[in-house]
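K.L.:
Have a look at this one.
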Amino acid sequence: MENDLRTDESVSCLSGVGVARKALLERLSIRTVGDLLMHVPIRFLDRRSIIPIAELHSGTDAAVRGRVVSAIRRQGRRGPSLTVVLSDDTGSITLTFFRSGFPGSKLRPGMDIVACGIIESFRGYTIVHPEIYFSEEATGAANAPGMLPIYGLTAGLTQRAMRKLVVYALDAVKSSLMDILPCGVIAAAGFSGRWDVFRAVHMPDSPEESKSARDLLALEELFLYRSVLAAVREKSAKESGIPLVSISLKEFESSLPWSLTSAQKRVCLEVCKDMARNSPMRRLVQGDVGSGKTVVAAFACVVTALAGKTAAVLAPTEVLAAQHSTSMREFCGRFDLEVHLLTGGTPGSERNRIAERLLEKPQSILIGTHAILEDWIPLNSLALLVIDEQHRFGVAQREKLFVFSNPRPHALVMSATPIPRTLAMTVYGDLDLSVINEMPPDRGHTETRVINVSEKKAVFRFMMERLREGERIFLVYPLKKASEKSDLRDAETAYETVRSGPMAEFGTGLLHGSMSPAEKVAVTLKFSRGDIAILISTTVIEVGIDVPDATVMVIANAERFGLSQLHQLRGRVGRGGKSAWCFLVPGEGASHVSLKRLHLLASTSDGFIISEKDLSIRGPGQVLGTAQHGIPKFKVADMSTDGHLLRVVSDMSPIPLHEIHQLLRSQMWRYNDVELPGV
Ligand code: ADP
Ligand code: MG
């Protein structure tokens, strides 16, 4: 038997794993010994005690031990069956098998076995298709099988085979396991070391032990990932960058139509300080929708361009890119700087013109979608890259963007998703964090209400009033199309209804994710110009639309959305300083708990309070949104339930840079196809 295997070695080093079995394991994404050890049981059968047959109860899941008295085959109407009578000192029970083959076929009168399964009442007690343990296998003091792991399997693998493999793997790594979590943390949870944790995950003494071992493995994953992010940040701080010093914040502010909030000032100064350094900035600016992040980006761009370099702003959609270019032109108007807009839809001649202009005059601002990163765009003077929200890049993708030129440009990431600090460390731990925790003054207040059936008419009348005042309305639906499988409401049906009703005269548009970028831009433009006053959409509007005259948002089946997502959505109204209203309309089947969540949303407008709540109610996955958020899929840690572990991890000091290098190399198997940046 192989000994001394490392966790990053292939499963084929284990005895019992040939080509065929290796392929089966591969289907479960198990390639290495470590993968196998991290393949934690889905649940356990508690077989710690043997129940005397006389004390069995129908419907319970039990283990009995006894001697086989008889084994009788029958040919029934539905095929062959086997009935085995098993007796202990207290009574007898039958075991029923409806298919031939193992393990029934092995049973002979006189054998001592342990049989496990659900006790059913049928002419006395019986267990249908019990799990069978022959006496030499039935381990434990009382000869009971103990806590039996049940693994996720694939056709061709059995529980029995999987259990054996895990036991081999545990044996094989016993002397080679490298510690990852600080030993104090492991000891505090009651384990003697990392091996003991793996042992307890697969062969626990009790359900409680299996749970704390599993949590410790999840913690280890999160801790390692957090340490990688910290190392990326530390390493990048050591690289040389492009120090940029030009205009002061005061001068910049004096060119604006209003004064900056103190939060905006603080963040601008942080950015300014970063950019003046001889190492590349890596900063995340977080601020609620409407908190005024754009002007911070504009300041960084102006500083860059006035210092003679190129600033680029990467927006996630054409709509947002176009909107950014409008506001940038506004903010940069006084500085005689060129602002170029380049998206996938920009015609070739215009692209060529932009490329030529950039060569001639690199001290400009380039705004666009991913098109701006194509090779033929001359970005030799790039010194600042702003990435606007919603990309949900993972750390590896971020790294790729940031290092694409040498020296590295300064990087500024803007996010409108308020993320609690604990979670931000896991998602954005490679970035320094700035928070704009203040709204510009004279913001209209957005009143949020949860609407019940009897209030629907009043809401409708209210919307008609707003429309007559020249204001605009968003109607948001969870689905694009009606679906037979779901009773959720959909945008297309609503569009048809509104178009044939009394609101039609104000003009209606439809917006959803499967429209082409050009169609989306067109309908968004119509809405922001006021050609149409009602925009019916799915959640695509989440992505940063700015329409100052929009004052009402109605969200159907609001219970289906995460709190943070609803908060983002309602941030789209009331941006023009007028009062605004957000009506949350729950579906008929909405649960008591989900209604409570909606009322919480109605009671506060602080995005950070909401995301903390979302984190504790629905878990990290929900706070980040259902869209891809760039975190690798962990093997054990679960982003929908392990919020409490994030809190623990955020209080631990990450593994230092000089240690993580080697550790990472031996732990790369954890990340499957997800690339982590080299540190
Ligand atoms: P977001 O953080 O959602 O990107 P924006 O940058 O789009 O927010 O700003 C929202 C609106 O607030 C814009 O119309 C912007 O011009 C305005 N704004 C930003 N900062 C201020 C300020 N300090 N005073 C007044 N209005 C501001
Ligand atoms: Mg914005």
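K.L.:
For the chain, take the longest principal axis of its alpha carbons; what is the angle in degrees between that and the long axis of helix 517-529, to the nearest 10 within 0 to 90?
P.N.:
50 degrees
K.L.:
OK, next. Take S58, project a point 7 Å from its Cα along the Cβ direction, then tell me which residues of the stretch 78-104 have their backbone nitrogen under 17 Å from it.
P.N.:
92-96
K.L.:
State the answer as a single residue: which of G59, G241, A189 lies farthest towards the positive end of the charge dipole of the chain, with beta carbon charges of +1 for Lys and Arg and -1 for Asp and Glu, about the Cα centre.
P.N.:
Checking the options against the dipole of the chain, the answer is G59.
K.L.:
Let me ask another. Keeping all protein chains in place, calculate the accessible area per residue for the stretch 150-208 (probe 1.4 angstrom), answer in Å². Kindly include the intermediate steps, with their values, before the conclusion.
P.N.:
Details: 2560 Å² over 59 residues.
For the stretch 150-208, the per-residue accessible area is 43 Å².
K.L.:
Please give the helix 294-306 orientation as an angle from the longest Cα principal axis of the chain, in degrees from 0 to 90, rounded to the nearest 10.
P.N.:
60 degrees
K.L.:
Next question. Quick one: 3J(HN,Hα) in Hz for the stretch 278-289, Karplus 6.51/-1.76/1.60 with θ = phi - 60°, rounded, Gly and Pro as x.
P.N.:
Running phi through 6.51 cos²θ - 1.76 cosθ + 1.60 with θ = phi - 60° gives 8, 9, x, 5, 9, 10, 10, 9, 9, x, 3, 3 Hz.
K.L.:
Assuming R0 = 30 Å, can you tell me the calculated FRET efficiency for the pair H661 and D205, based on Cβ-Cβ distance, to the nearest 0.05?
P.N.:
It comes out at approximately 0.25.
K.L.:
May I ask you to give the solvent-accessible area per residue for the stretch 452-585, in square angstrom, as obtained with a 1.4 angstrom probe?
P.N.:
Details: 5840 Å² over 134 residues.
I get 44 Å² per residue for this part.
K.L.:
Another question, then. Contour minus end-to-end for R334 and K265, with contour as 0.36 nm per residue of separation and end-to-end as the Cα-Cα distance? List each step's numbers first, then the result.
P.N.:
Details: separation 69, 0.36 × 69 = 24.84 nm, distance 1.96 nm.
Computed gain between R334 and K265 is 22.9 nm.
K.L.:
Leaving out same-chain residues fewer than 8 places away, which aspartates and glutamates sit with a Cα under 15 Å from that of K456?
P.N.:
Candidates past the 8-residue exclusion: E465, E588.
K.L.:
Given only helices, namely DSSP H runs of n ≥ 4 each adding -39500 (n - 2.57), what is the per-residue ellipticity at 222 nm of the chain, to the nearest 500 deg cm²/dmol? Provide the component values of the computation, followed by the final result.
P.N.:
Values: 22 runs with 242 residues, N = 679.
Per the formula, -11000 deg cm²/dmol.
K.L.:
Next question, about the same structure. Starting from the stretch 218-269, pick out the chymotrypsin sites (Phe, Trp or Tyr not before Pro) whose DSSP state is loop and whose Cβ has at most 16 other Cβ atoms within 10 Å.
P.N.:
W258
K.L.:
Pairwise over distinct Cα atoms, reciprocal of the mean inverse distance: report the Kirkwood radius of the stretch 452-585 in Å, one decimal place. Don't skip to the end; give the middle numbers.
P.N.:
Working: mean 1/r = 0.0675 Å⁻¹.
Its Kirkwood hydrodynamic radius stands at 14.8 Å.
K.L.:
Oh, and also: Computed over the Cα atoms, what is the radius of gyration of the chain divided by 2.2 N^0.38 Å, N being its residue count? Mind showing how you got there, number by number?
P.N.:
Numbers: Rg = 31.1 Å, N = 679, 2.2 N^0.38 = 26.2 Å.
Taking N as the residue count of the chain, the ratio is 1.19.
K.L.:
Greater than 18 Å separation of Cα atoms is the criterion. Which listed pairs, K250/K273; K265/K361; K480/K520; K400/K635, meet it?
P.N.:
On the way: K250/K273 14 Å; K265/K361 29 Å; K480/K520 14 Å; K400/K635 24 Å.
As for pairs spanning more than 18 Å Cα to Cα, those are K265/K361; K400/K635.
K.L.:
With respect to the cross-link table entries K211/K633; K526/K578; K457/K485, which display a Cα-Cα separation exceeding 23 Å?
P.N.:
Values: K211/K633 20 Å; K526/K578 20 Å; K457/K485 28 Å.
With Cα atoms farther than 23 Å apart: K457/K485.
K.L.:
Can you spot the aspartates and glutamates whose alpha carbon is less than 19 Å from K106's alpha carbon? Ignore those fewer than 8 places along the same chain.
P.N.:
Correct list for K106: E131, E136, E137.
K.L.:
Cβ under 9 Å from F402's Cβ, F402 left aside: what net charge do those residues give with Lys, Arg +1 and Asp, Glu -1? Before the final figure, lay out each step's value.
P.N.:
Values: positive: R282, R398, K400, R408; negative: E399.
Combined, the nearby Lys, Arg, Asp and Glu give +3.
K.L.:
If you place +1 on the Cβ of every Lys and Arg and -1 on the Cβ of every Asp and Glu, how big does the dipole about the Cα centre of the chain come out, in debye to the nearest 20?
P.N.:
On the way: 80 positive and 75 negative charges, 219 e Å.
Dipole of the chain, to the nearest 20 debye: 1060 debye.
K.L.:
Right, something else. Taking the Cβ of V547 as the centre, find all other residues whose Cβ is under 11 Å away and add up their charges (Lys, Arg: +1; Asp, Glu: -1).
P.N.:
Numbers: positive: R472, K526, R529, R572, R575; negative: E471, D546, D549.
Value of the local net charge: +2.
K.L.:
How many nm is it between the label spots at T326 and F122, if each spot is 7 Å from the Cα in line with the beta carbon?
P.N.:
7.0 nm
K.L.:
How large a share of the accessible area of the chain, in percent, is made up of carbon and sulfur atoms when the probe is 1.4 Å and the other protein chains stay in place? Can you show the working numbers first?
P.N.:
Details: 15520 of 30100 Å².
The C+S portion of the solvent-accessible surface of the chain is 52 percent.
K.L.:
In whole Hz, what ³J(HN,Hα) sequence does the stretch 604-614 give by Karplus (6.51, -1.76, 1.60; θ = phi - 60°), x for Gly and Pro?
P.N.:
For the stretch 604-614, the Karplus-derived couplings read 9, 10, 8, x, 6, 4, 5, 6, 4, 5, 4 Hz, x marking Gly and Pro.
K.L.:
Using amide H atoms built 1.01 Å from N in the peptide plane, name the residues 5+ places from N557, or on other chains, whose amide H lies under 5 Å from its own.
P.N.:
For N557, whose amide H was placed from the backbone, the distant partners under 5 Å are V585, G587.
K.L.:
What does the accessible area of K613 come to, in Å² to the nearest 10, when a probe of 1.4 Å is used?
P.N.:
Accessible surface of K613 is approximately 90 Å².
K.L.:
Cα axis of helix 592-603 to longest principal axis of the chain: angle in degrees, 0 to 90, nearest 10?
P.N.:
20 degrees
K.L.:
Then there's this: If R0 is 41 Å, what FRET efficiency do you get for D171 and R421 from their C-beta distance, rounded to 0.05?
P.N.:
Numbers: r = 42 Å, r/R0 = 1.02.
That pair, D171 with R421, gives E of 0.45.
K.L.:
Quote the FRET efficiency, to the nearest 0.05, computed for K596 versus A161 with a Förster distance R0 of 45 Å and r equal to the Cβ-Cβ distance.
P.N.:
Working: r = 47 Å, r/R0 = 1.03.
E(calc), rounded to 0.05, equals 0.45.
K.L.:
Enumerate the calculated ³J(HN,Hα) couplings along the stretch 21-35 in order (Karplus 6.51 cos²θ - 1.76 cosθ + 1.60, θ = phi - 60°), each rounded to whole Hz, writing x wherever the residue is Gly or Pro.
P.N.:
Listing the rounded values in order: 5, 4, 5, 5, 5, 4, 4, 9, 6, 9, 10, 10, 4, x, 4 Hz.
K.L.:
If each residue of separation counts as 0.36 nm, what is the full-extension length gain between V453 and S105 once their alpha-carbon separation is subtracted? Mind dumping the intermediate values first?
P.N.:
Working: separation 348, 0.36 × 348 = 125.28 nm, distance 6.26 nm.
Answer, rounded to one decimal: 119.0 nm.
K.L.:
Hey, another quick one. Quick check: net charge around R466, other residues with Cβ under 13 Å of its Cβ, Lys/Arg +1 and Asp/Glu -1? Spell out each step's value before the answer.
P.N.:
Details: positive: R461, R468, R472, K578; negative: E447, E465, E469, E471, D549.
Counting the neighbours of R466, the net charge comes to -1.
K.L.:
Would you mind working out the magnitude of the charge dipole of the stretch 452-585 relative to its Cα centre, with +1 at each Lys and Arg C-beta and -1 at each Asp and Glu C-beta, to the nearest 20 Debye?
P.N.:
On the way: 19 positive and 16 negative charges, 30 e Å.
Result for the stretch 452-585 is approximately 140 debye, rounded to the nearest 20.
The values are calculated or read from the model by the stated rules, or taken from the named source; none is laboratory data. Keep in mind that what you see is a predicted model, and the values were worked out from it rather than measured. When we count neighbours, we look across all protein chains shown, and the Cβ atoms used for this are built from the backbone with ideal geometry, even at glycine. Areas reflect the complete protein model, heavy atoms only, side chains present, ligands, DNA and RNA absent. Shrake-Rupley method; radii C 1.70, N 1.55, O 1.52, S 1.80 Å.
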